[in-house]
Amino acid sequence: MKRILIATEKPFAPAAIKKMSKVFKKAELKVDLLEKYSSKQDLLDAVSKADAAIIRSDKFDAEVLNAAKKLKIVVRAGAGYDNVDLATATKNGVVVMNTPGQNANAVAELAVGLAIFGIRELFSGKPGGELRNRTLGLHGFGFVARNVFRIARAMGMKVIVYTRYSKDAAAAIGLKVVHSLEELYKKSDVISIHVPARDEHIKSVSADVLKHGRNGSIIVNTARKEVINEPDLVKMMEEKPGIKYMSDVTPDCAAEFAEKFEGRYFFTPKKAGAQTAEANLNAGVAAAEQIVDFFETGNIACKVN
Ligand code: 3PG
């Protein structure tokens, strides 16, 4: 019987595990659950017996992939797969998949929540502002951004977008596509970042872009800290004292923020965007079904390597 490892340092909601286990039981696959592990050795031991694995932000680097002698497939239950060493996976013949869109609404709701928290001065009692009639700039137009758009439009925001790969999709729903990141930052009261931590997006939010940002704007980052050039962000926040930075996950320069920018930032202590029962259920069950389908029919539709 094939063994499926669910390795999550940040566990799925119990309802998700229950439904995923049902999917695997029906397909006669055995589940090994490794949750809240604190040592890499635990992961190395567990993965050595696995034919397939489901992970979240858990790091599948070369050491883990090389220890996974029987592994055929790893599914990242979520969107970003920057935690998986794709080159080693490919070299070892391991299929890597994600579950596109499955946790997008959860992340989008957090993005909007962070924007509200920012414009309301972190609920400190200081008078704040409202999102209605302000301009939201979407940096990227994937599944999360599309959900942010839906919510922001319902709240009466004007929405513009900068995207290289989804221009037609944006234009098709009447969304104004701007020509450059600089223009996006110049025109937006709130900027919400939705690009993956790879290729040209790494450190793409740099001084070149940030210098066009409005003093008073709120930058919401529910993507990855790697897409921001942190020293440039710090410099820009020093120069423009009205800018706020709201981020899902703490940046490396958090100590500098604490020292210099009180009341102008918020960081979730642990990545929280997809941390809802619904997102866990959607992404977890999709991952389980993709593994069953892979073993039963060879379907590799969500392969990313
Ligand atoms: C994703 O890439 O899907 C999100 O960042 C969620 O990550 P998580 O599963 O670690 O919460």
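Below are the figures for this structure:
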read-out: Aspartates and glutamates whose Cα lies under 18 Å from that of Lys25, excluding same-chain neighbours fewer than 8 positions away; value: Asp51, Glu289, Asp293, Glu296
read-out: Cα-based reach from Lys26 at 17 Å (exclusive), listing lysines while leaving out same-chain residues under 8 positions away; value: Lys2, Lys18
read-out: Cross-link partners of Lys176 among aspartates and glutamates (Cα-Cα below 19 Å; sequence separation of 8 or more within a chain); value: Asp168, Asp189
read-out: Computed over the chain: relative contact order in percent, which uses C-alpha pairs under 8 Å that are six or more apart; value: 20
read-out: Difference of contour (0.36 nm per residue) and Cα-Cα distance, Ile202 to Lys270; value: 22.4 nm
read-out: Modelled FRET efficiency - R0 45 Å, Lys19 with Arg120, Cβ distances, 0.05 increments; value: 0.80
read-out: FRET E, pair Lys240, Ala171, Förster distance 51 Å, beta-carbon r, rounded to 0.05; value: 0.95
read-out: Farthest toward positive dipole pole in the chain [+1 Lys/Arg, -1 Asp/Glu at C-beta], among Leu86, Gly113, Val234; value: Gly113
read-out: With DNA, RNA and ligands ignored, accessible area of His212 (1.4 Å probe; Å², nearest 10); value: 50
read-out: Entries of Lys40/Lys270; Lys40/Lys260; Lys10/Lys91; Lys240/Lys270 with Cα pairs more than 24 Å apart; value: Lys40/Lys260; Lys10/Lys91; Lys240/Lys270
read-out: Linear extension gain, Leu86 paired with Lys30, 0.36 nm per residue minus alpha-carbon span; value: 17.6 nm
read-out: Accessible surface of the chain [probe 1.4 Å, protein heavy atoms]: carbon and sulfur percent; value: 52
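The values are calculated or read from the model by the stated rules, or taken from the named source; none is laboratory data. As the structure is a computational prediction, the values presented were derived from the model and not from experiment. Glycine gets a Cβ as well: all are built from the backbone with ideal geometry, and neighbour counts include every protein chain shown. Only protein heavy atoms, including side chains, enter the accessible area calculation; ligands, DNA and RNA are left aside. Shrake-Rupley method; radii C 1.70, N 1.55, O 1.52, S 1.80 Å.
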